[in-house]
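Since the structure comes first, as structure tokens, the remarks are kept for the end.
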Amino acid sequence: MTESESLVLEHLRQIRRIVDDTREDVREIKHRVGSLETEMAQVHTEIAQVQVKIAEQSGRIDRLAERMERIERRLDLAEV
């Protein structure tokens with residue numbers, strides 16, 4: 001094997017190591033992105049549940065306010 005062939009083979013080995021390292025990095029990044037996507041989906045679900053609870057509480061507060069207004073009118077406590 002000539003010196004130039006040996007040099008080419010050494011460069012090819014280095015390139016192969018770099019490609020292998022890059023492949024492993026990409027695998028890790030894909031795994032981490034997948035984990036982030038899962039966590040974000042859970043956050044979205046929790047936010048939606050909180051929004052439903054807030055809407056329910058808002059409806060209850062509105063009904064209580066209406067009842068208070070009726071009571072005040074019946075007792076002549078409401079300002080007209």
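The values are calculated or read from the model by the stated rules, or taken from the named source; none is laboratory data. Keep in mind that this is a model prediction, so the values were computed, not measured. Remember, those area values only see protein heavy atoms, side chains included, never the ligands or the DNA or RNA. Shrake-Rupley method; radii C 1.70, N 1.55, O 1.52, S 1.80 Å.
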Given the DSSP H assignment, sum -39500 (n - 2.57) over each helix run of at least 4 residues in the chain and divide by its residue total; what's the result at 222 nm in deg cm²/dmol, nearest 500?
-34500 deg cm²/dmol
Phi-based couplings in Hz for the range 4-11 (Karplus 6.51, -1.76, 1.60; Gly and Pro marked x)
5, 5, 5, 5, 4, 4, 5, 5
When the chain is treated as a Gaussian network with springs between alpha carbons less than 10 Å apart, the largest mean-square fluctuation among 14, 51, 42 is found at 14
Semi-axes of the equivalent ellipsoid of the chain: what are they in whole Å, largest first, if each equals the square root of 5 times a C-alpha gyration tensor eigenvalue?
75, 9, 4
With a 1.4 Å probe and all protein chains left in place, how much accessible area per residue does the chain have, in Å²?
99
Full-stretch length increase - residue 6, residue 53 - with 0.36 nm per residue and alpha-carbon distance subtracted:
9.8 nm
Accessible surface of the chain, 1.4 Å probe, proportion on carbon and sulfur as whole %
56
